[in-house]
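Asker: Pasting a structure here, questions to come.
The values are calculated or read from the model by the stated rules, or taken from the named source; none is laboratory data. From a predicted model like this one, the values you see are computed outputs, not experimental measurements. Positions of Cβ are generated from backbone atoms using ideal geometry, with glycine treated the same way; all protein chains shown enter the neighbour counts.
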Amino acid sequence: MDEVAEKVRNILVESLTLEPEEVTLESNLRTDLEMDSTEVVELVVALEQDFDIKISDGEITNRQSVGEVVKIVRGKLAK
């Protein structure tokens with residue numbers, strides 16, 4: 001995992017009280033990590049703060065995997 005992916009994983013581990021090995025790029029936010037809509041909103045806020053980016057409504061809520069979230073963050077950082 002690169003630095004961005006590692007940071008996203010750490011945010012998920014801390015916010016969901018998981019073990020690091022439970023969160024992979026393939027992990028599904030809803031089925032594997034059992035995130036509800038409130039937790040997804042909290043993830044968006046944490047990502048915006050930690051990476052100093054802006055994520056619009058729906059960009060994360062419509063994503064399935066941790067890897068997809070990492071791609072969005074990378075895209076925002078590249079701008």
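Asker: Find all pairs meeting these conditions: Cβ atoms under 9 angstrom apart; at least six residues apart or on different chains; first residue within region 52-79 and under 25 Å from E34 (Cβ atoms); second residue assigned to a loop (DSSP other than H, G, I, E, B) and basic (K, R).
Answerer: Pairs that qualify, where the first residue is under 25 Å from E34 (Cβ atoms) and the partner is assigned to a loop (DSSP other than H, G, I, E, B) and basic (K, R), are Q64/R30; V69/R63; K71/R63; I72/R63.
Asker: Further question: Mind counting the residues in region 14-59 that are assigned to a helix (DSSP H, G or I), surrounded by 11 or more Cβ atoms within 10 Å (Cβ to Cβ) and not charged (D, E, K, R)?
Answerer: 11
Asker: I'd like the full set of residues that are among the hydroxyl-bearing types (S, T, Y) and modelled with pLDDT of 95 or more, limited to region 34-67.
Answerer: S65
Asker: Restricted to region 60-79, and to residues that are β-branched (V, I, T) and in a helix (DSSP H, G or I), which residue is surrounded by the fewest Cβ atoms within 10 Å (Cβ to Cβ)?
Answerer: Checked region 60-79; the qualifying residue surrounded by the fewest Cβ atoms within 10 Å (Cβ to Cβ) is I72.
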